[in-house]
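The block underneath contains the structure these notes are about, expressed in structure tokens.
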Amino acid sequence: MRLSWNEIRVRAKKFAEKWQNAHYEKGETQTFYNEFFEIFGVERRRVARYEELIKKLDNRHGFIDLFWPRVLLVEQKSAGRDLLKAGAQAGEYFDAIKNSEKPRHQLLCDFQNFELLDRDTREQATFKLADLHQNVEHFGFILGIEKRTFKDQDPVNIKASELMGAIHDALEESGYAGHDLERYLVRLVFILFADDTGIFEPRDILLDLMESRTSDDGSDIGLWLHRLFEVLNTPEDMRQRNLDDDLKKFPYVNGDLFATHLPIADFNSSMRETFIEACRFNWSSVSPAIFGSLFQSVMNADERRKKGAHYTTEKNIMKVIGPLFLDDLKAEFNRINSRKDSRRKGELEAFRRRLGTLTFLDPACGCGNFLIIAYRELRQLEMEVLRALNPAGQLDIGIVTISEIDVDQFYGIEFEEFPARIAEVAMWMMDHIMNNRLSLEFGQTFIRIPLRKSPHIRHADALEFDWNNLLPADKCSYVFGNPPFIGAKFQSETQRRQVRAIAKLGGSGGTLDYVAAWFLKAGAYVREGKGKIAFVSTNSITQGEQVAQFWPLILDRYKLEIAFAHRTFVWGSEARGVAHVHVVIIGLTKAGTSTQKHIFDYKNGGAEPQQFSATNISPYLLDAPTLSFEAKLDRSPLQFHD
């Protein structure tokens, strides 16, 4: 059972009182850190080693005082010794550690003073032993709780997908394939992530189980994983009394992730080493949004070899969700927070509760990139509200009840089953990351295990499926995403039939791109509700003959108007490389409801757009009246192009 932060602070205060007179390095270091780890309910000898022999880059040898591979390096000195020199020594050790074991955190200590460095964020915390109880959250990484900074091009995401690719290939070659393999891989991703981020505690119990309890030849690793899956699907009070002690440590997860029976996978020694390598990898820095798309690529060996798996960058996702809803929500929060009267607190509370009522649908969700980033940003905004309500940093009521936002506000439709399952698990991963941030922010433990709520991800063809059966239109706040781009000439017969049926243009259905069908189906959907729409699209729907075919349906049939638009820009969506696709982003709302319209223009191919207000946005994405389409057909479209 995880200790509460309050209990950890009590333990830290007692620890500081006991060690207030400690001063000698060699004689007391090991006892000091054994008891230090006990503050967090972690057994030191299970995670970290003393006197780790290291060969420095200059071929000299030295000993790291305490070393937890991938997590922590400690350089301990006697009381009053120069910690500046200790830092230089720690740096020499860090440089000599092999890349796969380089720790994120570095601690310099002389018993009475602590200097903790996060090498990823470069944040440093310096405090006295007597103040340890006020700074214990800085050591949240011991429990798998730490700040994360996600970067689109971070190699850690590619490394993680390559590890899963190796596991996938080995299992497939052994005969474990198809639907079962897809489900199995998603489970493995979750437990690997859980072992490094505080879902499983203490940290690295999965790694410890695989290293210490499985045979070198790998013959029993599949059995151990099978038993683990059963344990994760069984509430603690319903488990057998004679359950293995190491399996008892794992929590009940639920969430349907481990409910379906899967065949036992047979491993060999090589496969065991591959999986243990994945267990040793630090999954805490993996971005659920980016990794999902990279993970999908492991199912296609040719894609993986090209090192060019597609994913949508966070920067581009923000171009959609910012003007669609996030900018308005932030502006509303700032307006309320700036109030100086007695109504401020009540309005902030009402705003916070409203965030928990919003619903989001991505009808072409893939691995969930848009949903995941939208969820993260909404939770981040909620934390800003909580800070405004609790400026002292301590919540007056339980943190479990004060977080209104949950994954069940998010809905997706995906044509392929594997990415749909990835989207589910990635949403849970992001939920846990945000729960950890909330815990660190307010000094209370917040964890949603077992998983009681789930994102609503439907495996279906979005152009054949009635979206109301997933989320009734009158309950949907926003529809957004990045539907597939397929030109009229390249569509299959099925795709052409779908476009004809949705557009209802008669005959061949015109020359509409496939993406137009998503706009039209979304238009029909929100006509019965209140939702707003924003999709990424090829720029062809704002050019040439498609304008006259497509836009009367949007503007006249479904009574929508363009609320914002990103004019043509290059869509970068490659893990390694750039996808040279020219796109637009178009936001739609019911006619007459958009009070402020904005155009984002990329002058001279610039990477950053210039934003300006518009009175009306035409189908050519100009600030111009929406002329009758008969008039438009008499004019050269080139007059409307940028």
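The values are calculated or read from the model by the stated rules, or taken from the named source; none is laboratory data. Model, not experiment: these values are computed from the prediction. Reconstructed Cβ throughout: ideal geometry from the backbone, glycine too, with neighbour counts over all protein chains shown. Note: areas computed on protein heavy atoms with side chains; ligands, DNA, RNA excluded. Shrake-Rupley method; radii C 1.70, N 1.55, O 1.52, S 1.80 Å.
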Qualifying positions in the stretch 352-392 - among the β-branched types (Val, Ile, Thr) and over 24 Å from residue 426 (Cα atoms): 385
Residue 321 modelled with pLDDT of 95 or more, out of contact with any Ser or Thr (no Cβ under 9 Å at 6 or more places or on another chain) and not in a helix (DSSP H, G or I): no
Residue selected from the stretch 478-512 under the condition surrounded by 22 or more Cβ atoms within 10 Å (Cβ to Cβ) and over 31 Å from the mean Cα position of the chain (by Cα), by the criterion nearest to residue 566 (Cα to Cα): 512
Pair list, Cβ under 6 Å, 6 or more apart: the stretch 166-187 residue closer than 21 Å to residue 425 by Cα, other residue modelled with pLDDT of 95 or more and not hydrophobic (A, V, I, L, M, F, W, C): 166/274; 167/274; 180/263
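Being part of a helix (DSSP H, G or I) and either touching a Lys or Arg at 6+ places or on another chain (Cβ under 8 Å) or crowded, with 19+ Cβ neighbours inside 10 Å (or both) is the filter here, so list the residues in the stretch 96-110 that pass it.
Scanning the stretch 96-110 gives 96, 100, 101.
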Residue that is farthest from residue 429 (Cα to Cα), among those in the stretch 224-256 that are aliphatic (A, V, I, L, M) and open to solvent by less than 50 Å² (accessible area, probe 1.4 Å): 243
Residues satisfying the stated conditions in the stretch 567-602, i.e. modelled with pLDDT under 85 and assigned to a strand (DSSP E or B): 571, 574, 581
Total residues in the stretch 433-469, condition open to solvent by less than 10 Å² (accessible area, probe 1.4 Å) and either out of contact with any strand residue (DSSP E or B) (no Cβ under 8 Å at 6 or more places or on another chain) or among the small types (Gly, Ala, Ser) (or both): 10
Residue satisfying condition, being open to solvent by 40 Å² or more (accessible area, probe 1.4 Å), assigned to a helix (DSSP H, G or I) and modelled with pLDDT of 90 or more, within set 133, 179: 179
Failed criterion for residue 448 (all others in (1) of a type outside the set (Ser, Thr, Tyr); (2) part of a helix (DSSP H, G or I); (3) more than 26 Å from residue 336 (Cα to Cα) hold): (2)
The stretch 504-526: number of residues that are at pLDDT 90 or above and touching a Leu at 6+ places or on another chain (Cβ under 9 Å): 10
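Within the stretch 598-624, work out how many residues are of a type outside the set (Asp, Glu) and either open to solvent by less than 30 Å² (accessible area, probe 1.4 Å) or on the phi > 0 side of the Ramachandran plot (or both).
Residues in the stretch 598-624 being of a type outside the set (Asp, Glu) and either open to solvent by less than 30 Å² (accessible area, probe 1.4 Å) or on the phi > 0 side of the Ramachandran plot (or both): 13 in total.
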Residue selected from the stretch 524-541 under the condition open to solvent by 10 Å² or more (accessible area, probe 1.4 Å) and polar (S, T, N, Q), by the criterion farthest from residue 324 (Cα to Cα): 540
Checking residue 454 against (1) assigned to a loop (DSSP other than H, G, I, E, B); (2) hydroxyl-bearing (Ser, Thr, Tyr); (3) out of contact with any helix residue (DSSP H, G or I) (no Cβ under 7 Å at 6 or more places or on another chain), the condition it does not meet: (3)
Failed item in (1) part of a helix (DSSP H, G or I); (2) without any contact (Cβ under 8 Å) to a residue 40 or more places away in the chain, with residue 241 passing the rest: (1)
Test: residue in the stretch 628-639 that is modelled with pLDDT of 85 or more and either in a strand (DSSP E or B) or surrounded by 15 or more Cβ atoms within 10 Å (Cβ to Cβ) (or both): no
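Going by the conditions given, is residue 564 in contact (Cβ under 8 Å) with a residue 40 or more places away in the chain and part of a strand (DSSP E or B)?
yes
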Residue pairs meeting the criteria (Cβ under 7 Å; at least 6 apart or on separate chains; first open to solvent by 60 Å² or more (accessible area, probe 1.4 Å) and at pLDDT 95 or above, in the stretch 262-276; second in a helix (DSSP H, G or I) and of a type in the set (Ser, Thr, Tyr)): 266/174
Cβ-Cβ under 6 Å pairs, at least 6 apart or on other chains, the stretch 200-219 side polar (S, T, N, Q), far side open to solvent by 10 Å² or more (accessible area, probe 1.4 Å) and assigned to a loop (DSSP other than H, G, I, E, B): 214/220
Evaluation of residue 301 against (1) modelled with pLDDT under 90; (2) of a type in the set (A, V, I, L, M); (3) buried (at least 17 other Cβ atoms within 10 Å of the Cβ) (one fails), failing number: (3)
Looking only at the stretch 325-381, and only at residues there that are under 30 Å from residue 466 (Cα atoms), modelled with pLDDT of 95 or more and among the polar types (S, T, N, Q), the one that is least open to solvent (accessible area, probe 1.4 Å): 359
Residue list for the stretch 182-223, restricted to those being within 23 Å of residue 144 (Cβ to Cβ), open to solvent by 40 Å² or more (accessible area, probe 1.4 Å) and in a helix (DSSP H, G or I): 208, 211, 212, 213
